[in-house]
Structure formats: C-alpha cells, structure tokens
Amino acid sequence: MSETKTQATLTFDFDAESLWMSLGQMSPQPMSRGKYGAQVGIERILSLLERESIPATFFVPGETARRHPDKVRAIVDAGHEIGHHGDVHEAPATLAIDEERKCMARGIEALVDVTGKRPNGYRSPSWDFSENTLGLLKEFEFEWDSSLMADDFRIYELEDAGGDGTGITELPVSYELDDAPYYLFAFMPVYLAGMSDPDKVLRIWESEYRGAAEISGLFNLTMHPQITGRYSRMQVLERLIKTIKDSGQAEFVTCSDAVSNLKSR
Ligand SMILES: [Zn+2]
C-alpha cells in the first residue's frame with residue numbers, strides 16, 4: 001500500500017522545560033509551561049494516538065529524557081519512534097564544533113539510557129544547522145533529518161557544501177505545518193502573539209494535506225505537547241486525523257518508515 005499512499009507523519013517535539021531553559025527563562029512560570037507538556041500534553045496525545053492506532057515520532061532533547069524518563073518510556077512502550085532533538089534544546093548555530101559534538105553525544109546518551117535504543121533521526125531544536133551540523137550527523141551515523149525546508153511534500157537528500165550527496169534524507173518541515181507560529185504565546189524574548197483560532201489552523205492543515213495527497217507525497221506535521229496538548233487544539237488534531245483517514249489516501253507512519261517507504265518507490 002505504501003507505494004501509492006501519502007505518508008502522514010505526526011511529529012511531536014517533546015521540549016518540556018528544555019525549551020525555556022535554552023531561552024534562559026528558568027523562573028517558575030515558563031518552567032511550569034514546559035512541565036505542562038510532560039504532565040498534561042503527553043498524556044492527551046498518547047491517548048489520542050492509541051485510540052486512533054497511529055504511530056508517531058517524538059523528538060526528545062536529552063534534558064527531557066533525564067527529567068521525564070517515565071514519560072519517554074511510555075512513548076516507546078506505545079510503539080512510537082524517538083528522534084534526537086539536542087541536549088538542552090541548543091540552537092546548533094550558537095555552538096562551537098566541540099560543544100555541538102558534546103551536545104549531540106549527550107543527547108544520544110540520555111535517549112539510550114532511557115529507551116535502550118540509539119535514535120537514527122535528528123531534528124535541530126532551532127530548525128537550523130551550524131556549518132558543522134551536517135558533518136556531525138554523518139559522524140554520528142544519523143540516517144535522516146527533519147529540520148530544513150527546500151521542499152514541502154517530497155523528501156530529498158541533503159548535500160554538503162560542495163554539492164555532493166551525504167546519504168542523509170531530509171523530511172522537510174515548514175512553519176505552515178508547525179503548531180508554534182499559530183498558537184505559541186510569549187512576551188519574551190520577543191512578543192509572540194499566538195492564540196490563533198484552532199479552526200483556522202485546521203483549514204490550513206487540511207489544505208496542505210490535500211497538496212501532499214495530490215502527489216502521494218509526505219505530509220509532515222510538527223506539534224509540541226505543551227502547545228497542541230491544550231484541549232481546544234487537541235480537537236483540531238482529532239478532526240485532522242479524521243479528514244486524513246476519511247480521504248483513504250494516506251497512511252500514518254513514523255519518520256523512519258516514511259523514509260524507507262518513499263525511498264523504495
Ligand atoms: Zn524543540
């Protein structure tokens with residue numbers, strides 16, 4: 001079936017407190033927003049995915065694995081995939097190569113400690129690379145990445161600065177298919193006025209899905225437990241899943257399965 005079906009990947013960046021730590025906001029209010037993702041958001045998401053029998057990919061920073069090992073184990077026990085998402089949600093471009101290598105290694109170590117398994121996919125916490133990131137992804141033998149934007153509904157191979165293929169597959173992301181620009185509200189570091197009407201977000205996501213389905217491509221959606229985990233937004237996710245299922249044109253898969261299914265066509 002996967003030869004012709006759209007590959008729908010529901011991905012969740014399980015940042016928890018690490019998002020706010022990386023922004024230097026470690027006072028009780030922002031840290032509690034992170035904790036909400038681990039205590040409330042994750043439970044709602046896991047329960048919806050179980051009801052719908054959908055496998056998903058969760059990108060987990062090392063800090064989240066150390067703070068919430070039981071939640072990360074629950075994700076794995078439910079059959080979902082875990083990807084690398086930094087150590088304490090660092091933006092790679094702010095790190096010297098030795099620091100970036102250390103963050104990558106510490107992130108892997110934390111995930112192996114909790115899940116017993118090495119991740120084979122990566123998502124940059126800032127959705128951007130430093131000049132060293134690609135080389136480090138090869139060094140640590142990652143097979144795919146999901147941070148960049150040179151396509152929308154098609155996977156592609158990342159090339160090095162010289163234009164040579166790296167063997168690393170990109171599952172492109174986009175701000176259109178990310179819950180944060182629509183919903184995330186924060187006063188600092190800049191005033192981000194999220195709080196979009198969930199119905200508006202659903203209309204955009206359904207339209208993007210139709211685009212992916214037209215070419216039986218990839219529909220790669222990014223969400224965050226501390227953002228989409230709110231009740232009103234979970235309704236949007238549930239309705240989107242229904243739209244995708246009712247179309248009969250897609251299968252929900254992990255990022256690793258999407259890569260192997262799309263590459264085998
Ligand atoms: Zn993140």
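The values are calculated or read from the model by the stated rules, or taken from the named source; none is laboratory data. What you see is a predicted model; the values in this text were computed from it and never measured. With ideal geometry, Cβ positions are generated from the backbone for all residues, glycine too; neighbour counts draw on all protein chains shown. Calculation scope for accessible area: heavy atoms of the full protein, side chains included, ligands and nucleic acids excluded. Shrake-Rupley method; radii C 1.70, N 1.55, O 1.52, S 1.80 Å.
Do we have Phe219 as within 20 Å of the chain's Cα centre (by Cα) and loosely packed, with under 13 Cβ neighbours inside 10 Å here?
Considered against the rule, which asks whether it is within 20 Å of the chain's Cα centre (by Cα) and loosely packed, with under 13 Cβ neighbours inside 10 Å, Phe219 comes out as no.
Anything in segment 23-68 that is surrounded by fewer than 24 Cβ atoms within 10 Å (Cβ to Cβ), closer than 16 Å to Thr222 by Cα and without any contact (Cβ under 8 Å) to a residue 60 or more places away in the chain? List them, or say none.
Leu46, Leu49
Run Trp20 past the list (1) in contact with a Gly (Cβ under 7 Å, 6 or more places away or on another chain); (2) within 13 Å of the ligand (Cβ to nearest atom); (3) in contact (Cβ under 8 Å) with a residue 40 or more places away in the chain; (4) not small (Gly, Ala, Ser) and report the number of the one that doesn't hold.
In the conditions (1) in contact with a Gly (Cβ under 7 Å, 6 or more places away or on another chain); (2) within 13 Å of the ligand (Cβ to nearest atom); (3) in contact (Cβ under 8 Å) with a residue 40 or more places away in the chain; (4) not small (Gly, Ala, Ser), Trp20 misses (3) alone.
In segment 58-91, what residues are away from the ligand (no atom under 13 Å from the Cβ) and within 21 Å of Phe129 (Cα to Cα)?
Of everything in segment 58-91, just one residue is away from the ligand (no atom under 13 Å from the Cβ) and within 21 Å of Phe129 (Cα to Cα), namely Ile82.
Looking at (1) in contact with a Pro (Cβ under 9 Å, 6 or more places away or on another chain); (2) in contact (Cβ under 8 Å) with a residue 60 or more places away in the chain, find the lone condition where Cys103 falls short.
Looking at each condition in turn, Cys103 falls short on (2).
Based on what the data block shows, is Ser18 small (Gly, Ala, Ser) and open to solvent by 10 Å² or more (accessible area, probe 1.4 Å)?
no
Of the conditions (1) basic (Lys, Arg); (2) over 20 Å from Phe12 (Cα atoms); (3) within 20 Å of the chain's Cα centre (by Cα), Lys102 fails just one. Which one is it?
(3)
Between Arg210, Arg239, Arg233, which is over 18 Å from Asp151 (Cβ atoms), among the basic types (Lys, Arg) and open to solvent by 50 Å² or more (accessible area, probe 1.4 Å)?
Every option except Arg239 fails the conditions.
Each row is one residue, and each column tells you yes or no for (1) modelled with pLDDT of 95 or more; (2) assigned to a helix (DSSP H, G or I); (3) closer than 17 Å to Arg233 by Cβ.
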site: Met1; (1), (2), (3): no, no, no
site: Ser18; (1), (2), (3): yes, yes, no
site: Tyr36; (1), (2), (3): yes, yes, yes
site: Gly41; (1), (2), (3): yes, yes, yes
site: Leu48; (1), (2), (3): yes, yes, yes
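So Asp87 ticks every box in (1) in contact with a strand residue (DSSP E or B) (Cβ under 6 Å, 6 or more places away or on another chain); (2) surrounded by 24 or more Cβ atoms within 10 Å (Cβ to Cβ); (3) not small (Gly, Ala, Ser) but one. Which box is left unticked?
Against the list (1) in contact with a strand residue (DSSP E or B) (Cβ under 6 Å, 6 or more places away or on another chain); (2) surrounded by 24 or more Cβ atoms within 10 Å (Cβ to Cβ); (3) not small (Gly, Ala, Ser), Asp87 comes up short only on (1).
On the given criteria, is Glu141 more than 16 Å from the ligand (Cβ to nearest atom), free of Cβ contacts under 8 Å to residues at least 24 places away in the same chain and outside any helix (DSSP H, G or I)?
Considered against the rule, which asks whether it is more than 16 Å from the ligand (Cβ to nearest atom), free of Cβ contacts under 8 Å to residues at least 24 places away in the same chain and outside any helix (DSSP H, G or I), Glu141 comes out as yes.
Collect the residues in segment 92-131 that are basic (Lys, Arg), in a loop (DSSP other than H, G, I, E, B) and away from the ligand (no atom under 13 Å from the Cβ), keeping them in residue-number order.
Selection gives Lys117, Arg118.
On the given criteria, is Pro225 modelled with pLDDT under 95, buried (at least 16 other Cβ atoms within 10 Å of the Cβ), out of contact with any Pro (no Cβ under 6 Å at 6 or more places or on another chain) and closer than 27 Å to Ile75 by Cα?
It is false that Pro225 is modelled with pLDDT under 95, buried (at least 16 other Cβ atoms within 10 Å of the Cβ), out of contact with any Pro (no Cβ under 6 Å at 6 or more places or on another chain) and closer than 27 Å to Ile75 by Cα.
Are any residues in segment 123-165 more than 25 Å from Phe219 (Cβ to Cβ), in contact with a helix residue (DSSP H, G or I) (Cβ under 7 Å, 6 or more places away or on another chain) and among the charged types (D, E, K, R), and if so, which ones?
Answer for segment 123-165, where residues must be more than 25 Å from Phe219 (Cβ to Cβ), in contact with a helix residue (DSSP H, G or I) (Cβ under 7 Å, 6 or more places away or on another chain) and among the charged types (D, E, K, R): just Asp160.
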